[in-house]
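Undergrad: Here it is, the structure in full.
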């Protein structure tokens, strides 16, 4: 199994954030979350865990500038579709609380992967909301996001809590403990995906 990791948006270069928007409000203590930095922190944590478990991975966008979606997909599609899956990591915004897992429309292998991720999220965050859509019989939300519809392999996108929700931002997204738990839930899910869907 090969895990293709996508840390959404740009990062920080010499203290300057590379993506317009995609950040929390500036809170009363002058702290602020930049989503691209958070996404990279989670992917870097996953890289450590995947290495420890000897699971193959590729960081699709290791640069700190904001790599175009077309470039991310083009890089991913160089890899075999039968033994890999694409994981795009994000933090949410727009008002709300909890986390979401997205796949492309239709009944695909991506849905099965998303269900595993959703179940592991609920184990690690039993007191936090998982925002679901069971209208098609499973928990994932379906959208035509570019990285979900243009990749050749199964692909999911996780939206981890809301960076414009002060409680979630400051207590989860900006803390070591919160980030460690997000890495932990993703890693638990990857191990289950390998066991149940890739049989390796």
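The values are calculated or read from the model by the stated rules, or taken from the named source; none is laboratory data. Small disclaimer: the values here were computed from a predicted structure and weren't measured. Every residue, glycine as well, gets a Cβ built from its backbone with ideal geometry; the counts of neighbours run over all protein chains shown.
Undergrad: Determine whether residue 104 is crowded, with 21+ Cβ neighbours inside 10 Å, closer than 15 Å to residue 189 by Cα and modelled with pLDDT of 95 or more.
TA: Spelling it out, it is not the case that residue 104 is crowded, with 21+ Cβ neighbours inside 10 Å, closer than 15 Å to residue 189 by Cα and modelled with pLDDT of 95 or more.
Undergrad: For the range 105-118, does any single residue satisfy the condition of being assigned to a helix (DSSP H, G or I), free of Cβ contacts under 8 Å to residues at least 24 places away in the same chain and more than 20 Å from residue 40 (Cβ to Cβ)? Working first, answer last.
TA: First, pick out the residues of the range 105-118 that are assigned to a helix (DSSP H, G or I): 109-118.
Subsequent filtering for residues that are free of Cβ contacts under 8 Å to residues at least 24 places away in the same chain retains 118.
Those still in the list that are more than 20 Å from residue 40 (Cβ to Cβ) too: 118.
The answer is yes; a qualifying residue exists.
Undergrad: When the range 64-81 is examined, which residues are found to be exposed (fewer than 14 other Cβ atoms within 10 Å of the Cβ) and either free of Cβ contacts under 8 Å to residues at least 60 places away in the same chain or touching a strand residue (DSSP E or B) at 6+ places or on another chain (Cβ under 8 Å) (or both)?
TA: Scanning the range 64-81 gives 65, 68, 71, 74, 78, 80.
Undergrad: Mind listing whichever residues of the range 181-197 are exposed (fewer than 14 other Cβ atoms within 10 Å of the Cβ) and touching a residue at least 60 places away in the same chain (Cβ under 8 Å)? Spell out the reasoning first.
TA: The first filter runs over the range 181-197 and keeps only residues exposed (fewer than 14 other Cβ atoms within 10 Å of the Cβ), leaving 195-196.
Listed by number, the list holds a single entry, 196.
Undergrad: Please work out which residue is nearest to residue 93 (Cα to Cα), limiting yourself to the range 145-170 and to residues that are in contact with a helix residue (DSSP H, G or I) (Cβ under 8 Å, 6 or more places away or on another chain) and in a strand (DSSP E or B).
TA: Let us first name the residues in the range 145-170 that are in contact with a helix residue (DSSP H, G or I) (Cβ under 8 Å, 6 or more places away or on another chain), namely 146-148, 150-158, 160-163.
With the extra rule that they be in a strand (DSSP E or B), the set shrinks to 155-158, 160-162.
Details: 155: 21, 156: 18, 157: 14, 158: 13, 160: 10, 161: 8, 162: 5 Å.
Among them, the one singled out is 162.
Undergrad: Of the numbered conditions (1) surrounded by fewer than 21 Cβ atoms within 10 Å (Cβ to Cβ); (2) not in a loop (DSSP other than H, G, I, E, B), residue 132 satisfies every one except a single condition; which is it?
TA: Result: residue 132 passes all but (2).
Undergrad: Inside the range 1-20, can you point out the residues that are in contact with a helix residue (DSSP H, G or I) (Cβ under 9 Å, 6 or more places away or on another chain) and under 14 Å from residue 65 (Cα atoms)? Break it down into steps so the answer makes sense when it comes.
TA: Quick first cut of the range 1-20, residues in contact with a helix residue (DSSP H, G or I) (Cβ under 9 Å, 6 or more places away or on another chain) only: 1, 3-12, 17-19.
Within the range 1-20, 6, 7, 8, 9, 10, 11, 12, 17, 18, 19 qualify.
Undergrad: Only one of these is surrounded by 20 or more Cβ atoms within 10 Å (Cβ to Cβ) and at pLDDT 95 or above: 146, 121. Name it. Don't jump to the end; show me each part of the working.
TA: Working: 146 fails: surrounded by 20 or more Cβ atoms within 10 Å (Cβ to Cβ).
Just one listed residue meets the conditions, 121.
Undergrad: Can residue 86 be described as surrounded by 18 or more Cβ atoms within 10 Å (Cβ to Cβ) and part of a helix (DSSP H, G or I)? Reasoning before the result, please.
TA: On the way: surrounded by 18 or more Cβ atoms within 10 Å (Cβ to Cβ): yes; part of a helix (DSSP H, G or I): no.
It is false that residue 86 is surrounded by 18 or more Cβ atoms within 10 Å (Cβ to Cβ) and part of a helix (DSSP H, G or I).
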